[in-house]
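No value in this document is a laboratory result; all are computed from the given coordinates. As the structure is a prediction and not an experimental result, all values here were calculated from the model. Cβ atoms come from the backbone with ideal geometry, glycine included; neighbour counts cover every protein chain shown.
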Amino acid sequence: EIKGGFEITLGGNVRGFCPYSQMGLRRVEDAAKTYLETHLKFLITKFEENGKNIVVSARAIQEAERQEIRESLQQSLKEGQTVEGIISSIRDFGAFVDIGGIDGLIPISEIGWSRVEKVEEYFTVGQKVQVIVKKLDWENDRISLSYKETMADPWVEGIKSFPEGSSHQGTVARLAQFGAFVTLAPGIDGLLHISKLGGGRRINHPREVMEVGQNIE
């Protein structure tokens, strides 16, 4: 590792330079740990001074390979299809999945049937997952995926366990001005309207009588 990137041994005493930005398609947190002593294919992008100044790029080759994969996937990938992939990175808004050399996004809203607060509580980088292709937008290089749709919708069967008039234990999931959302089972929340919370007295906000995480009947 040297200033601005890496010194690359191209064979014998031949040395080249590869900037950090040209080492791969994705930015990595610890470049030295990721790349030192590894073997990669490089494209020579500059050859000057009879070989004393050689600049190379691994990214250029990887981008060309990704374009070939993209064109192949355009022929085979369909909306509604179930595919296997590997979690490549995690963000606040969702998780990116490598589905054979190209990334798709599982938005946070498509991770679970219940409300998801932290993506990292569901996925880790390198984890294998089954996902359903929700939308393909090849013009903008966007593939939207769903993880939750590979699991049974709790509202289809689970709701049968909650007939009108029955009593249940639930957990306060979140509070809003108009009432409290109560989780009755994974993926199934009910609304407890503010008019049902005061025990006969008028309240201005549910927080006056309950808090998130509280168990109630």
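For LYS134, the amide hydrogen comes within under 5 Å of the amide hydrogens of GLY80, SER144, LEU145, SER146, counting only partners 5 or more places away or on other chains and with H modelled in the peptide plane. Once the Cα atoms are used to define both axes, helix 59-76 deviates from the longest principal axis of the chain by about 50 degrees. The HN-Hα couplings worked out from phi for the stretch 89-105 by the Karplus form 6.51 cos²θ - 1.76 cosθ + 1.60 (θ = phi - 60°) are 7, 10, 10, 4, 9, x, 10, 8, 10, 7, 10, x, x, 9, 9, x, 10 Hz, whole numbers, x standing for Gly and Pro.
Listed values for the stretch 173-186 are Karplus-derived 3J(HN,Hα) couplings in whole Hz (6.51 cos²θ - 1.76 cosθ + 1.60, θ = phi - 60°), namely 8, 6, 10, 10, 4, 9, x, 10, 8, 10, 7, 8, 7, x, and x replaces Gly and Pro.
Divide the volume of the convex hull around the Cα atoms of the stretch 2-149 by the residue count and you get 132 Å³ per residue. Backbone amide hydrogens, once placed in the peptide plane, bring GLY24 within less than 5 Å of ARG59, excluding anything fewer than 5 places away on its chain. Evaluating kT/(6 pi eta Rh) at 4 °C and 1.567 mPa s, with the Kirkwood radius of the stretch 122-175 over Cα pairs in the Stokes-Einstein relation, gives 86 µm² s⁻¹.
Okay, helix-only estimate at 222 nm for the chain: each DSSP H run of n ≥ 4 adds -39500 (n - 2.57), divide by all residues, round to 500 deg cm²/dmol; what do you get?
Working: 3 runs with 27 residues, N = 217.
The helix-only estimate for the chain comes to -3500 deg cm²/dmol at 222 nm.
Over the stretch 91-217, the fraction of Cα-Cα pairs per 10 Å bin, rounded to whole percents and listed from the shortest bin up, is 11, 32, 27, 19, 9, 1, 0.
Based on alpha-carbon centroids, what's the gap between the stretch 73-138 and the stretch 144-215 in Å, whole number please? The distance from the Cα centre of the stretch 73-138 to that of the stretch 144-215 comes to 28 Å. Per residue, the convex hull spanned by the alpha carbons of the stretch 79-137 comes to 81 Å³. Remark: spin-label model distance ARG201-THR9 equals 7.8 nm, labels positioned 7 Å along the Cα→Cβ axis.
Ordered by packing density, taken as the mean number of other Cβ atoms within 10 Å over each peptide's residues, highest first, how do 96-109, 40-53, 143-156 rank?
Working: 96-109: 18.9, 40-53: 11.9, 143-156: 16.4.
Descending mean neighbour count gives 96-109, 143-156, 40-53.
The 3J(HN,Hα) values that the Karplus relation (6.51, -1.76, 1.60; θ = phi - 60°) gives for the stretch 115-130 are, in residue order, 5, 9, 9, 10, 4, 5, 6, 10, 9, 10, 4, x, 6, 7, 9, 9 Hz. Gly and Pro appear as x.
Of the peptides 180-186, 83-89, how do they stack up when ordered by the mean number of other Cβ atoms within 10 Å, highest first? Write out the running numbers ahead of the final one.
Numbers: 180-186: 18.4, 83-89: 16.9.
Answer by packing, highest mean first, reads 180-186, 83-89.
When the stretch 17-127 is described by a simple charge dipole with +1 on each Lys and Arg Cβ and -1 on each Asp and Glu Cβ, the residue from VAL55, GLN127, GLN81 located farthest towards its positive end is VAL55.
Beyond 15 Å, what share of the Cα-Cα pairs of the stretch 163-217 remains, rounded to the nearest whole percent? Can you show the working numbers first?
Numbers: 637 of 1485 pairs.
Summing the P(r) of the stretch 163-217 above 15 Å gives 43 percent of all pairs.
This model, with +1 at the C-beta of Lys and Arg and -1 at the C-beta of Asp and Glu, gives the stretch 84-217 a dipole about its Cα centre of some 580 debye.
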